[in-house]
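As structure tokens, the structure follows; a few thoughts come after it.
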Amino acid sequence: MQDILEYIRDEGLRKGASFVEARAVERDSTSIVLQDGNADKLFRASSFGLGVRVLADGAWGFASGNGASREQGLGLLEAALAAAKAARDGRREEAVVADVPAVTDHCATAFRVDPRSVPLSRKMEALEALDRAGMARGDGRIVNRVLSYGDGWQRETVVNSFGASVTSEYVRTSASCTFFASDGQIRQSAYKRRAALAGWELMEELEPADFTEAAARRAVSLLSARKAPSGKFPVIFDPSITGLLTHEALGHNAEADHIVAGTSILEGKLGDTVASPLVTIIDDATLPGSWGSYRYDSEGVPGQRRVLIENGVLVGLMHSLETAARLGTEPNGSGRAQDYGYRPLVRMSNTFIQPGTTPLEEMLKDIPLGVYLTGGQWGYVFCERGQFTCHAGGGWMIRNGELAEEIRDVSVAGITLETLANIDAVSDAFEMSMPGMCGKCGQGMPVNAGGPHVRVRELVVGGQERA
């Protein structure tokens, strides 16, 4: 395969391109969905294809297709060159790319049990056992449940005209569950997910008590929780909500293509104070075993530990080859593509707030009336407006410095930089607990997020009752 990619690269340079990148991506994956005890969906897929990207006369061209022969590659090269030619007249400015040192490597992630070697029947049995364990803890009030399992193997080879020749192999495995409980009037749900850069051992080590049983118990518990209050309160985030905030509110804004496009609130703020001095935010592709980790990005650049905010000051961004050249800095391995059919984009990996020094008990005791949020579920960010929303699975009221009654159906919203500036305590605990798939421009990439408990001095809580 490497010989074919090198041939495509050399032909592209011979035909006048100033930069050529040829990628081959091979994938095998399995996914299972078990709904209410029945096998609902079973999906197995394999794919193999090429993506060719060129920079010619200041314009980008990209083409992709199934298969990986020399003839197919040359056809894609011609299509990419034609696309670049067609894009020249309409471009607003010349495209650029940062030169990087050549890297030659072949790496593979560590795992103990290749999930491709595990029979499908064994995977189904594991899901069914987890399902039964959860139902046994539902007090007869579980009305629906959905469990899913997924594994994937991927080999990506990147060759470019800077001399990069990198092959990366990854094995990822995941499991999730959602349990729905009802008392006849109220319906509540709880969700758990486990995912890692690992093999079948993830399932072998998965304890029902911390997974399906915990989700079933939480769903039932939320039936007796009160509705969340509405208004402005001091708020403490547990690590999952911290991860959600870090990913949605800050992470996307720190992707340098948003800076280049003028759609980020961080534009022009490098070196400025943008958060509380207690806040240090990092995106780290090198965390061992984390769902969002990788050795090389899809441009053949090593994944790195990228400090975005240090003690409240914006010190860095996530870059691809193009954004680094555009902003006059070094690439840092953030150009990721879903597969051969997509061009690399600036993407997060594992994004988190560094732990601080304050125990959770100390953070609570200073609050006469507030909200403690747990179980991050989803979020959304308007990068150019600097607004975000985070939805939690539930939480507790804080009264006179202690956790009081449980609450449900709660979301928080705010202005990103105001919220980061209003963080007045950061705990000494730390979790990376939000593995998932992040969508951007139609591409989904594995990412993780987390951090410590953080306390925000004041935040808008969207609920339905008075405190």
Over the chain, relative contact order from alpha-carbon pairs under 8 Å, at least 6 apart, %: 16 percent
Kirkwood Rh, angstrom, the stretch 318-394 [1 / mean 1/r, Cα pairs]: 16.6 Å
Any lysines whose Cα falls less than 27 Å from that of Lys15, other than same-chain ones fewer than 8 residues away, would be Lys85
So how strong a dipole does the stretch 298-388 carry about its Cα centre when Lys and Arg Cβ are +1 and Asp and Glu Cβ are -1, to the nearest 20 debye? 240 debye
For a quick check: sort Arg53, Arg44 by the number of other beta carbons within 10 angstrom, fewest at the front. Arg44, Arg53
I'd like the projected area of the stretch 3-97, averaged over all directions, using the convex hull of its alpha carbons. Report it in nm² with one decimal. 8.4 nm²
If you take the charge dipole of the stretch 2-223 about its Cα centre, with +1 on Lys and Arg Cβ and -1 on Asp and Glu Cβ, which of Ser168, Phe48, Leu34 is farthest toward its positive end? Leu34
I'd like to know how the stretch 276-412 sits against the 2.2 N^0.38 Å rule of thumb: what's its Cα Rg over that expected value? 1.31
Out of Ala84, Ala214, Gly61, whose Cα points farthest toward the positive end of the dipole of the stretch 2-223 (charges: +1 Lys, Arg; -1 Asp, Glu; placed on Cβ)? Ala214
Would you work out which of Pro239, Ala285, His391 lies farthest towards the positive end of the dipole of the chain, given +1 charges on the beta-carbon of Lys and Arg and -1 on that of Asp and Glu, about the Cα centre? His391
Just rank Met445, Met203, Met434, fewest to most, by other beta-carbon atoms within 10 angstrom. Met445, Met203, Met434
The stretch 226-462: relative contact order from alpha carbon pairs under 8 Å, six or more residues apart, as a whole percent, is 31 percent
Can you return the lysines within cross-link range of Lys365? Criterion is Cα-Cα under 21 Å, with same-chain partners fewer than 8 residues away left out. Lys232
Sort Thr263, Thr167 so the one with the fewest other Cβ atoms within 10 Å of its own Cβ comes first. Thr263, Thr167
Using only the alpha-carbon atoms of the stretch 340-467 as identical scatterers, what base-10 log of I(q)/I(0) does the Debye formula give at q = 0.12, 0.19 Å⁻¹? -0.53, -1.24
Please identify the trypsin sites (Lys or Arg not before Pro) of the stretch 90-135 that satisfy two criteria: DSSP loop assignment and at most 13 other Cβ atoms within 10 Å. Which are they? Arg91, Arg92, Arg112
Please report the base-10 log of the normalised intensity I(q)/I(0) for the stretch 226-462, using a Debye sum with one equal scatterer per alpha carbon and no solvent, at each q in 0.12, 0.16 (1/Å). -0.62, -1.06
Enter the angle in degrees (range 0 to 90, nearest 10) between the Cα long axis of helix 2-14 and the first principal axis of the Cα atoms of the chain, meaning the one along which they spread out most. 60 degrees
Here the Kirkwood hydrodynamic radius of the chain, Cα-based and in Å, equals 23.6 Å
If the cut-off is a Cα-Cα distance under 22 Å, which lysines reach Lys192, setting aside same-chain residues fewer than 8 apart in sequence? Lys41, Lys123, Lys227
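We did not get these values from a lab; they are worked out from the coordinates using the rules stated. A quick note: this is a predicted structure, and the numbers were derived from the prediction, not measured. Quick reminder, even Gly has a Cβ in these numbers, built from the backbone with ideal geometry, and neighbours come from all protein chains shown.
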